[in-house]
Amino acid sequence: MLQFYYNPISPNARRVWLTLLEKGIDFEPILMNLDGDQLQENFLKINPFHHIPVVVNDGLRIVESLAILDYLEAKYPQPAMLPSEPQALAKVRMVQHITANELFPKIVTLISESADSPQFLKAREHIDTVLQFFTEILSTSQYFGSDELTLADIVAGTAVLYLPNLGVNLSDYPKIYEWSERLMQRPVWEKTKISPEDFEQFKRRVKILVKLRLRELSRK
Ligand SMILES: N[C@@H](CCC(=O)N[C@@H](CS)C(=O)NCC(=O)O)C(=O)O
């Protein structure tokens, strides 16, 4: 059976978790304690970059959440979550990459910087730009690139749904707000929802990782 290494507080792992559940794929969940399990020798053999999520299936080990989503789509094509029409596919990929490259780093800034710092204010503006851009992409469709759930909704949803906890009011972006409500009504989104305590744990972990990264950079 497909093995899935994860932790509920990890947004990257939640992308895979949601896709497995939305597609109704049987899997064996392997819970990782991120206080050290990821650095154990056994796990480093599976992922030398000490990250979750990881999927192991049919003798193949797959790391990187976006690669895992593509694998799941190709191997379990129903329900389809990746449109093939060129414009729709471009929208899905844009949303996935903008989430990873533009939105997520700014979520980290909102968590790690104080609310009156210039970095925080700049990050807040950048998030506004992302949400305006997402509003345009969503246009009149129910989901990104389709009227059915796509892999873009999975990736953007796991990040955008954190924003209200970080002081960003989604009702300032009506289409995004309606889309987020639509996601939260889906049973598997409710099932994998992070608790307030887990969100606090996630924030603590982000702050530690930012400190470690700064320490590493100052040594170089
Ligand atoms: N680009 C990777 C990022 C994975 C990642 O950063 N995972 C975090 C949890 S969200 C992790 O495993 N952190 C533990 C560590 O870095 O030691 C992906 O998309 O899968």
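What per residue convex hull volume, in Å³, comes out for the range 2-75 when only alpha-carbon positions are used? The partial results should precede the final answer.
Numbers: hull volume 5.9 nm³, N = 74.
Roughly 80 Å³ of hull volume per residue.
For the chain, which DSSP H helices look membrane-span-like by this rule: Cα extent along the axis of 20 Å or more and mean Kyte-Doolittle of at least -1.0? Walk me through the numbers before you get to the answer.
Numbers: long enough: 118-138 (30 Å, 0.13); 196-219 (35 Å, -0.85).
Span-like helices here: 118-138, 196-219.
Which of PHE133, PHE4 comes first, and how do the rest follow, when ranked by fewest Cβ neighbours within 10 Å? All intermediate terms of the calculation are to be shown ahead of the outcome.
On the way: PHE133 15, PHE4 22.
Least crowded to most crowded, the residues run PHE133, PHE4.
Can you list residues from other chains, or at least 5 along the same chain, whose modelled amide H is less than 5 Å from the amide H of HIS50?
Residues meeting the criterion, in which the H sits 1.01 Å from N, do not exist here.
Arrange HIS51, HIS97 by Cβ neighbour counts within 10 Å, fewest through most, would you?
On the way: HIS51 18, HIS97 13.
Ranking HIS51, HIS97 by Cβ neighbours within 10 Å, fewest first, gives HIS97, HIS51.
Rounded to two decimals, what ratio of Rg to Rh does the range 86-185 give with C-alpha atoms and a Kirkwood Rh? Don't jump to the answer; show the numbers that get you there.
Numbers: Rg = 13.2 Å, Rh = 13.6 Å.
Across the range 86-185, the Cα-based Rg/Rh ratio is 0.97.
Filter the GluC sites (Glu not before Pro) in the range 103-161 to those in DSSP coil with at most 15 other Cβ atoms within 10 Å of their Cβ, and list the result. Walk me through the numbers before you get to the answer.
On the way: sites: GLU113, GLU125, GLU136, GLU148; in loops: GLU113, GLU148.
Answer in residue order: GLU148.
Please rank ASP172, ASP198, ASP153, ASP116, fewest neighbouring Cβ atoms within 10 Å first, as an exposure proxy. Mind dumping the intermediate values first?
Values: ASP172 10, ASP198 13, ASP153 29, ASP116 7.
So the residues, fewest neighbours to most, are ASP116, ASP172, ASP198, ASP153.
Would you calculate a helix-derived [θ] at 222 nm for the chain, using -39,500 (n - 2.57) for each DSSP H run of n ≥ 4 and dividing by the full residue count, to the nearest 500? Walk me through the numbers before you get to the answer.
On the way: 10 runs with 123 residues, N = 220.
Result for the chain, helices only: -17500 deg cm²/dmol.
Quick one: which of LYS122/LYS220; LYS75/LYS191; LYS75/LYS122; LYS23/LYS122; LYS106/LYS175 span more than 29 angstrom between C-alpha atoms?
Values: LYS122/LYS220 26 Å; LYS75/LYS191 24 Å; LYS75/LYS122 41 Å; LYS23/LYS122 38 Å; LYS106/LYS175 21 Å.
Going by Cα-Cα distance, LYS75/LYS122; LYS23/LYS122 fall outside the 29 Å limit.
Residues of the range 55-88 with amide nitrogen under 12 Å from the 7 Å Cα-to-Cβ point of GLU28?
56-59
Say a paramagnetic label sat at a point 7 Å from the Cα of GLN119, along Cα to Cβ; which residues of the range 188-208 have their backbone N under 19 Å from it?
Counting only backbone N, you get 202-208.
If R0 is 41 Å, what FRET efficiency do you get for SER139 and GLN201 from their C-beta distance, rounded to 0.05? Before the final figure, lay out the partial values.
Details: r = 36 Å, r/R0 = 0.89.
Rounded to the nearest 0.05, the efficiency is 0.65.
Let me understand the chain better: what is its radius of gyration from the alpha carbons, and its Dmax, in angstrom?
That works out to 17.5, 50 Å for Rg and Dmax.
Could you tell me the center-to-center distance, by alpha carbons, between the range 145-200 and the range 30-66 in angstrom?
Cα centres, the range 145-200 to the range 30-66: 26 Å.
How large is ³J(HN,Hα), in whole Hz, for each residue of the range 38-44 in order, when computed from phi with the Karplus curve 6.51 cos²θ - 1.76 cosθ + 1.60 and θ = phi - 60°, using x for Gly and Pro?
Karplus-based 3J(HN,Hα) across the range 38-44 equals 6, 9, 5, 3, 4, 6, 5 Hz.
A short reminder: the numbers here are calculations on the coordinates, not readings from a lab. Bear in mind that the values here come from a model prediction, so they are computed numbers and not experimental data. No Cβ is skipped: glycine too gets one built from the backbone with ideal geometry, and neighbour counts run over all protein chains shown.
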